[in-house]
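Undergrad: The structure's right below; bear with me while I get my questions together.
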Amino acid sequence: MIIIMNVNATVREKSAVISKVEDSGCKANIFEGVEHMVIGVIGDGRPLNRDQVRLMPGVERVVPVLKPFKVASREFKPADTVFPIGDYMVGGDEFIIMAGPCSVESRSQIMETAHAVKEAGAHILRGGAFKPRSSPYSFQGLGEEGLIYLKEASEKYNMPFITEVMEPALVPLVSQYADILQIGARNMQNYALLHAVGRSQHPVLLKRGMSSLIEEWLMCAEYILSHGNTRVMLCERGIRTFETYTRNTFDINAIPVAKHLSHLPVIADPSHATGKWEYVAAGAKASIAAGADGVILEVHPRPDEAWSDGRQSLKPEKFAELVHQMKAIATAVDKNIVDPIPAMDPMMLPV
Ligand code: PEP
Ligand code: MN
């Protein structure tokens with residue numbers, strides 16, 4: 001349940017309600033709004049009598065949350081969650097573009113790609129340093145060396161960066177470098193990892209598992225939110241179906257559904273959702289029209305030579321063309337694709 005306190009509730013009244021919640025064995029998640037203080041009751045809530053709480057001084061109303069996800073739900077927080085990532089805003093009117101290679105392969109490759117995507121209009125750099133590969137014999141990523149190169153590119157081109165973290169023990173290391181922690185589809189229900197990124201208080205992009213229900217996905221967001229980490233983005237990256245022409249089936253429905261059920265920003269990943277570069281632009285454009293708050297796209301200067309996911313990677317020229325088209329669609333749906341903040345280095349020379 002959610003307890004909404006009166007605008008004029010005193011500190012003493014608020015503390016009494018919080019104690020009542022905690023004494024029942026539940027956790028009180030406190031949100032100080034502009035006018036009201038809102039207390040989210042986390043736990044199964046059974047010992048807490050709703051009528052008793054409603055009658056406590058300072059309580060305006062008590063709203064039961066019928067969904068299994070609570071803090072992630074619109075019932076809990078009707079207004080969209082909006083937060084800054086570097087100089088950009090995620091979740092509001094801005095449509096955010098994240099782009100870069102699937103994997104960091106070398107210093108020169110990430111510098112070259114960062115330069116190209118920045119020039120084309122990307123806001124955030126992506127790149128995998130720890131890679132979740134289906135085969136143990138495939139390239140597993142450069143590890144910390146990859147993070148060092150990403151950080152260098154991020155600083156040089158003035159782009160916050162996102163990268164995947166695969167295990168709880170690596171959360172402190174990856175957080176030291178990255179601006180956004182990515183939870184991959186294969187790890188969506190890795191609860192120890194969700195707790196760890198929740199505790200880290202770092203912005204998180206949570207990919208939908210490849211065979212997951214929207215409800216399961218939102219429940220996983222709930223794990224992160226339950227640590228008071230409110231900077232969570234949901235990412236639809238395609239699901240498994242019987243279709244084989246595409247790598248996954250892009251569940252475009254998931255975008256309006258997630259936006260309806262939750263206040264969290266929704267990012268689309270048409271690269272993994274389609275698996276073939278020639279369909280990525282269509283998916284990206286559809287995402288904006290469907291109400292997404294951003295896209296994450298794989299771009300590689302030479303997709304034929306990519307160490308992972310080359311088949312779905314856009315060449316920089318195609319990416320630039322797509323950004324141009326996305327801007328036109330964004331305008332039609334009242335979203336704004338802002339021009340990227342200039343790089344620190346005015347020459348922006350590729351290395
Ligand atoms: C990726 O972003 O490169 C990736 C591995 O994505 P997913 O977890 O969606 O498969
Ligand atoms: Mn990939």
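The values are calculated or read from the model by the stated rules, or taken from the named source; none is laboratory data. Just so it is clear, the structure is predicted and the values come from calculations on it, not from any experiment. Neighbour counts run over all protein chains shown; Cβ positions are idealised from the backbone, glycine included. What goes into the accessible areas is simple: the full protein's heavy atoms, side chains included, and nothing from ligands, DNA or RNA. Shrake-Rupley method; radii C 1.70, N 1.55, O 1.52, S 1.80 Å.
Undergrad: Kindly provide the set of residues from segment 173-191 that are surrounded by fewer than 17 Cβ atoms within 10 Å (Cβ to Cβ) and within 21 Å of L213 (Cβ to Cβ), ordered by number.
TA: Correct list: R186, Q189, Y191.
Undergrad: Does H272 meet the test of being assigned by TED's automatic domain parsing to the domain that holds G146, open to solvent by 40 Å² or more (accessible area, probe 1.4 Å) and either in a loop (DSSP other than H, G, I, E, B) or of a type outside the set (A, V, I, L, M, F, W, C) (or both)?
TA: No: the conditions fail for H272.
Undergrad: So which of L234, L297, L218, L213 ends up being crowded, with 23+ Cβ neighbours inside 10 Å and free of Cβ contacts under 8 Å to residues at least 40 places away in the same chain?
TA: L234
Undergrad: Sort through V65, V71 and tell me the only one that's under 22 Å from H202 (Cα atoms) and crowded, with 16+ Cβ neighbours inside 10 Å.
TA: So the residue among V65, V71 that is under 22 Å from H202 (Cα atoms) and crowded, with 16+ Cβ neighbours inside 10 Å is V71.
Undergrad: Do we have T246 as open to solvent by 10 Å² or more (accessible area, probe 1.4 Å), within 19 Å of P160 (Cβ to Cβ), in contact with a Phe, Trp or Tyr (Cβ under 9 Å, 6 or more places away or on another chain) and in a loop (DSSP other than H, G, I, E, B) here?
TA: Numbers: open to solvent by 10 Å² or more (accessible area, probe 1.4 Å): yes; within 19 Å of P160 (Cβ to Cβ): no; in contact with a Phe, Trp or Tyr (Cβ under 9 Å, 6 or more places away or on another chain): yes; in a loop (DSSP other than H, G, I, E, B): yes.
Spelling it out, it is not the case that T246 is open to solvent by 10 Å² or more (accessible area, probe 1.4 Å), within 19 Å of P160 (Cβ to Cβ), in contact with a Phe, Trp or Tyr (Cβ under 9 Å, 6 or more places away or on another chain) and in a loop (DSSP other than H, G, I, E, B).
Undergrad: Considering every residue within segment 148-169, establish whether at least one is part of a helix (DSSP H, G or I) and within 15 Å of ligand 1 (Cβ to nearest atom).
TA: Checking segment 148-169: at least one residue is part of a helix (DSSP H, G or I) and within 15 Å of ligand 1 (Cβ to nearest atom).
Undergrad: Please verify whether segment 76-99 includes one or more residues that are open to solvent by less than 10 Å² (accessible area, probe 1.4 Å), assigned by TED's automatic domain parsing to the domain that holds D304 and either closer than 19 Å to W307 by Cβ or within 16 Å of ligand 2 (Cβ to nearest atom) (or both).
TA: Taking every residue of segment 76-99 in turn, at least one turns out to be open to solvent by less than 10 Å² (accessible area, probe 1.4 Å), assigned by TED's automatic domain parsing to the domain that holds D304 and either closer than 19 Å to W307 by Cβ or within 16 Å of ligand 2 (Cβ to nearest atom) (or both).
Undergrad: Let me ask something else. Checking S287 against (1) outside any loop (DSSP other than H, G, I, E, B); (2) farther than 24 Å from L261 by Cβ; (3) of a type in the set (S, T, N, Q), only one condition comes out false. Which one?
TA: (2)
Yes or no, residue by residue, for (1) assigned by TED's automatic domain parsing to the domain that holds D87; (2) part of a helix (DSSP H, G or I); (3) more than 15 Å from ligand 2 (Cβ to nearest atom):
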{"position": "I267", "(1), (2), (3)": "yes, no, no"}
{"position": "A281", "(1), (2), (3)": "yes, yes, yes"}
{"position": "G291", "(1), (2), (3)": "yes, no, yes"}
{"position": "K318", "(1), (2), (3)": "yes, yes, yes"}
{"position": "E321", "(1), (2), (3)": "yes, yes, yes"}
{"position": "H324", "(1), (2), (3)": "yes, yes, yes"}
{"position": "K327", "(1), (2), (3)": "yes, yes, yes"}
{"position": "M344", "(1), (2), (3)": "no, no, yes"}
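Undergrad: Only one residue in A114, A185 is touching a residue at least 40 places away in the same chain (Cβ under 8 Å), among the small types (G, A, S) and within 16 Å of ligand 2 (Cβ to nearest atom), so which one is that?
TA: A185
Undergrad: From the list W307, W277, exactly one residue is open to solvent by 30 Å² or more (accessible area, probe 1.4 Å), closer than 20 Å to T163 by Cα and within 15 Å of ligand 2 (Cβ to nearest atom). Which is it? If you could, list the steps in order and put the result at the bottom.
TA: Numbers: W277 fails: closer than 20 Å to T163 by Cα.
Answer to the check: W307.
Undergrad: Now for a separate question. When you scan segment 152-172, do you find a residue that is touching a Pro at 6+ places or on another chain (Cβ under 8 Å), under 19 Å from K131 (Cβ atoms) and open to solvent by 40 Å² or more (accessible area, probe 1.4 Å), even just one?
TA: Yes: one or more hits.
Undergrad: I would also like to ask the following. Select from segment 19-60 the residues that are assigned to a strand (DSSP E or B) and in contact with a Lys or Arg (Cβ under 7 Å, 6 or more places away or on another chain) and list them in ascending order.
TA: If the condition is that a residue be assigned to a strand (DSSP E or B) and in contact with a Lys or Arg (Cβ under 7 Å, 6 or more places away or on another chain), then M37, G40, I42 are the ones that fit.
Undergrad: From the list M56, M89, which residue is at pLDDT 95 or above and within 30 Å of L314 (Cβ to Cβ)?
TA: Details: M56 fails: within 30 Å of L314 (Cβ to Cβ).
It is M89.
Undergrad: From the set of residues in segment 4-35 that are within 27 Å of the chain's Cα centre (by Cα) and open to solvent by less than 70 Å² (accessible area, probe 1.4 Å), which is modelled with the lowest pLDDT?
TA: Looking at residues that are within 27 Å of the chain's Cα centre (by Cα) and open to solvent by less than 70 Å² (accessible area, probe 1.4 Å), I get G33.
Undergrad: Suppose the filter is on the phi < 0 side of the Ramachandran plot, under 15 Å from the mean Cα position of the chain (by Cα) and among the acidic types (D, E); does D251 pass it? Spell out how you get there, then give the answer.
TA: Working: on the phi < 0 side of the Ramachandran plot: yes; under 15 Å from the mean Cα position of the chain (by Cα): no; among the acidic types (D, E): yes.
Taking the combined requirement at face value, the residue does not satisfy it.
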